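The values are calculated or read from the model by the stated rules, or taken from the named source; none is laboratory data. Small disclaimer: the values here were computed from a predicted structure and weren't measured. With ideal geometry, Cβ positions are generated from the backbone for all residues, glycine too; neighbour counts draw on all protein chains shown. Note: areas computed on protein heavy atoms with side chains; ligands, DNA, RNA excluded. Shrake-Rupley method; radii C 1.70, N 1.55, O 1.52, S 1.80 Å.
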Amino acid sequence: MAHRTPPGSSASHASCLDLWREKNDQLVQQAKVAQDSGLSPRRQQLAQDALEGLRGLLHSLQVLETQEQLKARLEHGLRGLWDSVLHVSSLLPELLPALHHLAGLQAALWLSTDRLGDLTLLLQTLNVSQSRASEDLLLLLKTWRPPAEESDAPLTLQDAQNLRGVLLTAFAYRQGLQELITGNLPRALSSLHEAASGLCPRPVLVQVYTALGTCLRKMGSPQRALLYLVAALKGESTWGPPLLEASRLYRQLENTAAEIECLELLVEALRVAHIPEAPQLLIEVELLLPRPDPASPLHCGTQSQAKYLLASRCLQTGRAENAAEHYLDLLALLLDGSEPKFSPPPCPRGPCVPEVFLEAAAALIQAGRAQDALTVCEELLSRMSSLRPKRPRLWEDARRGTKELPHCSPWVSATYLLQGHARVQLGAEKEAISEFSRCLELLFQATPTDKEQGPASSCEQGCTSDVALQQLRAAALISRGLEWVASGQDTKALQDFLLSVQVCPGNQDASFHLLQTLRRLDRRDEATALWRRLEAQTELPQENAAWSLPLYLETCLGWIHPPDHETLLEEFRTSLLETCDL
């Protein structure tokens, strides 16, 4: 920016500044032409030329600073320099517009680098009209009134008033988003409304409306939230975050069809390649915003993560055929390397790659595609070959208490469990029993915590917890027991059902299968004692019901669930009364 020639300065120095101003005004006019030229190749070239020219001017200024030995003035740091400059401005009021403009640039830099303390002190100094210095940065930005530029000032692309508006919007949005993440919803709502009323270009307004939708949904106002999400998607139907938030809202409203549709659109949105934008000539709100944190509602992840959300929700809501196709698409993405390395969706904690394979196999079995499920399981076992123990007869070793058993991931055991159910669907009874037995061999030598193996990875913790291992063992025992029942071998089934009740006392399904088997074997006294315990438990919540199990295990448990507990108990009660009458 131009300034008066200090006394004693050479004429050549003043001439350099005149030349600098002339070139500056020329480049600013060129840049404004570029701004008005749309997204054409000519605009991009004009903008690039203007940026290069401005960089050259900056270099010229740095040469002048060297001649003036500015380094000596920076010994006390940037804060000290600002104090000195603002003190001088009180003596030379004509410098105030330029200094406020420069302060706006400094504020933008400090906001983008999270130096909020320095920014607060700077604004407190600029807002000298306030009787009491506020520490509320949002209030300081709202009360900051930069003076108007003089008519003969050098041309600029962005004046101080515009910078103030950008800073106010950016900080209000950043603060609102942070309050939303930490759960302070009323303050978040206030800050986000402030941001929405400011200088919001369309992409930022979409983000603000999405955050407002999240905030209102969490505050129990789904209809108001929906209005903001519709506004966010207007004209930007392929933008990811509002689609993801809309899916969460519809899930809360139990509108599954709309939720699935939003997830399908989200997958498509993340598939679209973004068109590179022309160079930025102004300080926009976007430049002052941090990248979305994984905990942020605006973090919609990658295409593979969105595809996983879609596939898993289809599986959870009974859309087995759709789930199977989406899982196969997801596996294709992961296997051909077209996506970056898959990482679990952060909220809630998503699965690791082995669990994605297991869920895909479960979805295929649910959809009646047992052979495809076996192919997926074989691929997973080949990838986990290093985790598969080579020693045979692990079942006998485990029963004898042999130490130093080789480690085997529960994922391997779960794979054999799913292969067993695929064999059942194909009518291969003996092969199914062999798969279930193999699963049990591995499971009974697995322990939830094994110090010699070291701590489990964050991905494994979900499936190696006590509850998950108990339920996995119960599922394998019940599954094999049901095959014994189908082949008419109730005595062997009884052993498996008894053991399943022992390893997982909270699994009522095991107890109901045991009750039916005891009835068939005419073991009335044991059946009656078990029936009385089950009658007493029906009014109590299912043990471990609050625990979150892996989705593939929940799906598998659904296959072995007795059709109606109440009906079974009533039938037994009726038969018991008939026996007493006799």
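For Cα pairs less than 8 Å apart in space and 6+ apart in sequence, what is the mean separation divided by the residue count of segment 191-262, i.e. the relative contact order in percent?
That works out to 25 percent.
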Exercise for review: Please work out how much length the chain gains when fully extended from Asp83 to Ser437, using 0.36 nm per residue of separation minus the C-alpha to C-alpha distance, in nm with one decimal.
Suggested key: 119.6 nm
**Study point:** Label-point separation in nm, Gln316 to Thr491, each point 7 Å along Cα→Cβ
**Key:** 4.6 nm
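What ranking, highest mean first, results for peptides 465-472, 305-312 when packing means the other Cβ atoms within 10 Å averaged over each residue?
On the way: 465-472: 20.2, 305-312: 25.4.
Packing order, densest peptide first, comes out as 305-312, 465-472.
Using a Förster distance of 56 Å, how high is the FRET efficiency between Arg524 and Gln371, based on the Cβ-Cβ distance and rounded to 0.05? Write down the numbers at each step before the final one.
Values: r = 43 Å, r/R0 = 0.78.
FRET efficiency, Arg524 to Gln371: 0.80.
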**Study point:** Pair Ser15, Lys234: separation of 7 Å Cα→Cβ label points (nm)
**Key:** 5.9 nm
Check your understanding: Where the accessible area of segment 183-298 is counted over protein heavy atoms with a 1.4 Å probe, how much of it, in %, is carbon and sulfur?
Key -> 55 percent
Point to revise | Accessible surface, segment 162-207, averaged per residue in Å² (probe 1.4 Å) | key: 36 Å²
